[in-house]
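First up is the structure itself, then whatever we jot down about it.
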Amino acid sequence: MFLVCGESLMDVFSVGDTPTGVTLDARVGGSPMNVAIGLARLAQPVAFYGGLSRDFLGERLTRALRAEGVDLAHAPVVDAPTTVSLVGLNAQGVPSYAFYGHGAADRQVTIPSLPPAGLFRAIHVGSYATVVAPVAATQRALIEREQGRALIAYDPNIRLNVEPDLAVWKAQLDWMLPRTQLLKISDEDLGLLLPGTTPEAFAATALAQGVQLVVVTRGGEGALGWTQTQQARAEARKVTVIDTVGAGDTFQAALLTWLAERDRLSAEALGHLNRGDLQTLLDFAGAAAAITCSRRGADMPRRTELD
């Protein structure tokens, strides 16, 4: 079983004025939640380890995860509000973003809530839950404990509206590199963390730190992948793009799915991928992400759509 760690939240969009206020449309979201649902839709057993609120929004997130078949046995339920990301237009018609997460449920995940050791084949972490207290320290404790037991997968997925200090994100990357076996990063995040660094140079640094598989996604330019001995490039699939919400999360879920289906979820197995394997892996993940891009919102594909 996979374990996906991190946040779930509500993306709330302003869809118009009313005579006395504003009409809002709330959608379930959060990068780790998307990865968990993406794995479930790709027919992988997956559990979610993130704080869920007892409020009505938290209950809706819980129902959404359960409806997709995500195991919530290890997800703490806490007396704290659900994080809300508010998106609207200001008086000039320019998109306005506000984030309400201080003290919210997804941050209130503490070390006593850690699931039992040795239950999971792979653990995925990423996005802002890796850098905010106290959940970030809890995730670090989990990663330290599970070294050698489970494959660790990491996608920085930077959210500057939550933590605007890039030095915090860079410190997290530095901490994760020697503890990560599968690292996926977007070229956008790479440019933020290490301006001027090429994907090739970054991959060499990450591999030298012990990462076994490095993947850099480049949106419409496809993806690049490296192991210690191989490298491959995948072109982006040609689709009519509706939006790119959830595409990176889909890509990560598809990488993990391809590896799981071939019993390659270990550092040793990643290191022995041949060039054909690496190419096929990137193509599979790219195809999954393309399906998501062809649909509105983070609507990840199901396994049958990729046969």
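The values are calculated or read from the model by the stated rules, or taken from the named source; none is laboratory data. Please read these numbers as outputs of a predicted model, since none were measured by experiment. Every residue, glycine as well, gets a Cβ built from its backbone with ideal geometry; the counts of neighbours run over all protein chains shown.
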Subject >> Answer from L65, L3 - the residue that is assigned to a helix (DSSP H, G or I) and under 16 Å from the mean Cα position of the chain (by Cα) >> reply: L65
**OP:** Would you point out which residue out of R54, R41, R66 is basic (K, R) and closer than 17 Å to Q108 by Cα?
**Re:** R54
Original post:
For the stretch 80-91, how many residues meet the condition of being assigned to a loop (DSSP other than H, G, I, E, B) and in contact with a strand residue (DSSP E or B) (Cβ under 8 Å, 6 or more places away or on another chain)?
Top reply: 5
**OP:** Identify all residues within the stretch 188-223 that are part of a helix (DSSP H, G or I) and crowded, with 17+ Cβ neighbours inside 10 Å; write none if there are none.
**Re:** D189, L190, L193, P199, F202, A203, A206, L207
Original post:
Just to be sure, is L177 modelled with pLDDT of 95 or more, assigned to a helix (DSSP H, G or I) and in contact with a Phe, Trp or Tyr (Cβ under 8 Å, 6 or more places away or on another chain)?
Top reply: no
**OP:** May I ask you to list the residues in the stretch 92-142 that are in contact with a Leu (Cβ under 9 Å, 6 or more places away or on another chain), in contact (Cβ under 8 Å) with a residue 40 or more places away in the chain and either within 15 Å of R179 (Cα to Cα) or assigned to a loop (DSSP other than H, G, I, E, B) (or both)?
**Re:** G101, A104, P115, L119, F120, R121, A122, I123, H124, V125, L142
**OP:** Inspect the stretch 34-45 for any residue being surrounded by fewer than 17 Cβ atoms within 10 Å (Cβ to Cβ) and within 17 Å of the chain's Cα centre (by Cα) and give the result as yes or no.
**Re:** yes
**OP:** Identify the single condition in (1) at pLDDT 95 or above; (2) part of a loop (DSSP other than H, G, I, E, B); (3) over 25 Å from V70 (Cβ atoms) that R233 does not satisfy, given that it satisfies every other one.
**Re:** (2)
Original post:
Does G88 satisfy the criteria of being closer than 13 Å to M10 by Cβ and either over 18 Å from the mean Cα position of the chain (by Cα) or basic (K, R) (or both)?
Top reply: no
**OP:** Tell me, yes or no, whether the stretch 245-254 has at least one residue that is touching an Asp or Glu at 6+ places or on another chain (Cβ under 9 Å) and part of a loop (DSSP other than H, G, I, E, B).
**Re:** yes
Subject >> Near pairs, Cβ below 7 angstrom, 6+ apart or cross-chain, from the stretch 272-300 (more than 13 Å from T217 (Cβ to Cβ)) to any residue that is among the hydroxyl-bearing types (S, T, Y) and in a helix (DSSP H, G or I) >> reply: A298/T292; D299/T292; M300/T250; M300/T292
**OP:** Residue by residue through the stretch 6-31, note down the ones that are among the small types (G, A, S) and in a strand (DSSP E or B).
**Re:** S14, G16, G21, A26, G29
Subject >> Filtered residues of the stretch 143-166 (kept if assigned to a loop (DSSP other than H, G, I, E, B) and not basic (K, R)) >> reply: Q147, G148, A150, P156, N157, I158, L160, N161, V162, E163, P164, D165
Original post:
Only one of these conditions is not met by N34: (1) in a helix (DSSP H, G or I); (2) free of Cβ contacts under 8 Å to residues at least 60 places away in the same chain; (3) under 22 Å from A136 (Cα atoms). Which number is it?
Top reply: (2)
Subject >> Check on D249, surrounded by 15 or more Cβ atoms within 10 Å (Cβ to Cβ), touching a residue at least 60 places away in the same chain (Cβ under 8 Å), of a type in the set (D, E) and closer than 18 Å to L42 by Cα >> reply: yes
